[in-house]
Amino acid sequence: LLTAMPDPFAIAGLTDALHDIEDAQNNGNEDLRLLGVLLAGVDKRTRLANTLTSYVEDTFTIDPTKSLKFVTTISRSTVVPQAQKVGKTVFQTDSTHKVADQYRALAEEIEDRIAIIEGKGPAEVVSPEYMRQEIVDGQTN
């Protein structure tokens, strides 16, 4: 799972991570797969967030209906640093906040993707063949 926040270096970081995944696959960990890409700390009103979203959608989409980008994005919010400051989770400090709901939705997406890989998930989420694809520089291998 890769996470990216709207930051000037985020695209370079994702590109580096893809190369690291490819290196690991080529050097003894050929079964390594990318489960998905999460966008976090997103303020959809900013150009930087929109640029990152477009990059991830373009780079991690295999066909118009299949993407490794998680549907869920985690919004930018003060509740996360506030929870960190007191050494707790968002669920412990404000379990009804929008960000807590987004993390719950992300957890469901992750569980669904893992179930599909294990052959237990609903076929309508995304096919097992798709989840087993290698994604490197936006290309399937």
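Summary table
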| item | result |
| --- | --- |
| Computed label-point distance, nm, for sites R45 and H19 using a 7 Å Cα→Cβ extension | 3.7 |
| Per residue value of the accessible surface for the stretch 1-130 (all protein chains in place, 1.4 Å probe), Å² | 61 |
| Per-bin percent of Cα-Cα distances, the stretch 1-53 [5 Å] | 4, 20, 25, 19, 14, 9, 6, 2, 0 |
| Only Lys, Arg (+1) and Asp, Glu (-1) charged, at Cβ; the chain dipole about Cα centre in debye | 820 |
| Degrees between helix 10-26 axis and first principal axis of the chain (Cα, 0 to 90, nearest 10) | 40 |
| Ellipticity estimate at 222 nm from DSSP helix runs (n ≥ 4, -39,500 (n - 2.57)) divided over the chain, nearest 500 | -14000 deg cm²/dmol |
| Stretch gain in nm, segment L35-K66, where the contour uses 0.36 nm per residue and the Cα spacing is subtracted | 9.9 nm |
| Linear extension gain, K120 paired with Q92, 0.36 nm per residue minus alpha-carbon span | 7.0 nm |
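The values are calculated or read from the model by the stated rules, or taken from the named source; none is laboratory data. Note that the coordinates shown come from a computational prediction; the quantities given were computed from them, not determined experimentally. Please note: Cβ atoms are built from the backbone with ideal geometry, for glycine as well, and neighbour counts cover all protein chains shown. Calculation scope for accessible area: heavy atoms of the full protein, side chains included, ligands and nucleic acids excluded. Shrake-Rupley method; radii C 1.70, N 1.55, O 1.52, S 1.80 Å.
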